[in-house]
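Asker: First the structure, then my questions, so here it is.
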Amino acid sequence: MSLSLPDIVGLFETKGHAQYDGEPVTQLEHALQSAHLAEQEGADSALIAASLLHDLGHLLHDFGGTPTQQRLDDLHQYRCLPFLRALFDVATLEPIRLHVDAKRFLCAREPGHLEALSPDSQRSLQLQGGVFDSAQASAFEALPYAKDAVRLRRWDDTAKCADAKTPDLAHYVRHLEAALKPTAIAA
């Protein structure tokens, strides 16, 4: 099943006000903050769309509560892809798919990154396979879209500020529209 843009907006409007697992923001606030940071850094619409949608998989399950506290990896980075594939190209989908591995990469390559993660992000890291070893980090770094995934990850890690001011969801719909595949526009 594919989602349409109105479906995505509706999902954020109906489920986005749920608390972001273990963080001081809602799912929607986290998405908006991530997209806002991407926009401020001059990212293109495909990466801004990825930043807005990177955790959409959290809104597509019904685990309830905080999955990491239940020792569950909800695989959110993969869960949303089948729903988005008809709409977006790899420039949006790959950073979403790789943003969890980007966390594992940054923890391996940047001293202090692991310690700077929020407690829930540290807990999820263990469920997601832990810090990459050197070979895993090198393999990740060689992937297409790895650099974009790392940029997205940095915004993701920063986008957890209570009461941060961002444009509303309607502001970012234009980036979603700009990132659509030509076949999705024609449909």
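Asker: Please go through segment 1-60 and give me each residue that is in contact with a strand residue (DSSP E or B) (Cβ under 7 Å, 6 or more places away or on another chain) and assigned to a helix (DSSP H, G or I), ordered by number.
Answerer: Ala49
Asker: Another question, then. So is Ala149 touching a residue at least 12 places away in the same chain (Cβ under 8 Å), assigned to a loop (DSSP other than H, G, I, E, B) and touching a helix residue (DSSP H, G or I) at 6+ places or on another chain (Cβ under 9 Å) or not? First the steps, then the outcome.
Answerer: Values: touching a residue at least 12 places away in the same chain (Cβ under 8 Å): yes; assigned to a loop (DSSP other than H, G, I, E, B): no; touching a helix residue (DSSP H, G or I) at 6+ places or on another chain (Cβ under 9 Å): yes.
Answer is no for this residue.
Asker: In addition: Kindly establish whether Leu28 is within 17 Å of His99 (Cα to Cα), touching a residue at least 12 places away in the same chain (Cβ under 8 Å) and not acidic (Asp, Glu).
Answerer: Details: within 17 Å of His99 (Cα to Cα): no; touching a residue at least 12 places away in the same chain (Cβ under 8 Å): yes; not acidic (Asp, Glu): yes.
Judged against the criteria, Leu28 is not a match.
Asker: Of everything in segment 104-135, what is among the polar types (S, T, N, Q), assigned to a helix (DSSP H, G or I) and either surrounded by 12 or more Cβ atoms within 10 Å (Cβ to Cβ) or in contact (Cβ under 8 Å) with a residue 60 or more places away in the chain (or both)? Give them in sequence order. Spell out how you get there, then give the answer.
Answerer: Within segment 104-135, the first condition is being among the polar types (S, T, N, Q), and the residues that meet it are 118, 121-122, 124, 126, 128, 134.
Subsequent filtering for residues that are assigned to a helix (DSSP H, G or I) retains 121-122, 124, 126, 134.
Matches in segment 104-135: Ser121, Gln122, Ser124, Gln126.
Asker: Restricting to segment 152-179, name every residue that is surrounded by 16 or more Cβ atoms within 10 Å (Cβ to Cβ), in a helix (DSSP H, G or I) and either among the β-branched types (Val, Ile, Thr) or more than 17 Å from the chain's Cα centre (by Cα) (or both).
Answerer: Within segment 152-179, Val173 is the sole residue that qualifies.
Asker: Could you identify the single residue in Arg97, Arg153, Arg85, Arg109 that is at pLDDT 95 or above and farther than 22 Å from His61 by Cα?
Answerer: Unique residue meeting the criteria: Arg109.
Asker: Test Leu72 against the criterion of being at pLDDT below 95 and either surrounded by fewer than 19 Cβ atoms within 10 Å (Cβ to Cβ) or of a type outside the set (Phe, Trp, Tyr) (or both), and give yes or no.
Answerer: Considered against the rule, which asks whether it is at pLDDT below 95 and either surrounded by fewer than 19 Cβ atoms within 10 Å (Cβ to Cβ) or of a type outside the set (Phe, Trp, Tyr) (or both), Leu72 comes out as yes.
The values are calculated or read from the model by the stated rules, or taken from the named source; none is laboratory data. Treat the numbers as computed from the prediction; the structure is a model and nothing was measured. When we count neighbours, we look across all protein chains shown, and the Cβ atoms used for this are built from the backbone with ideal geometry, even at glycine.
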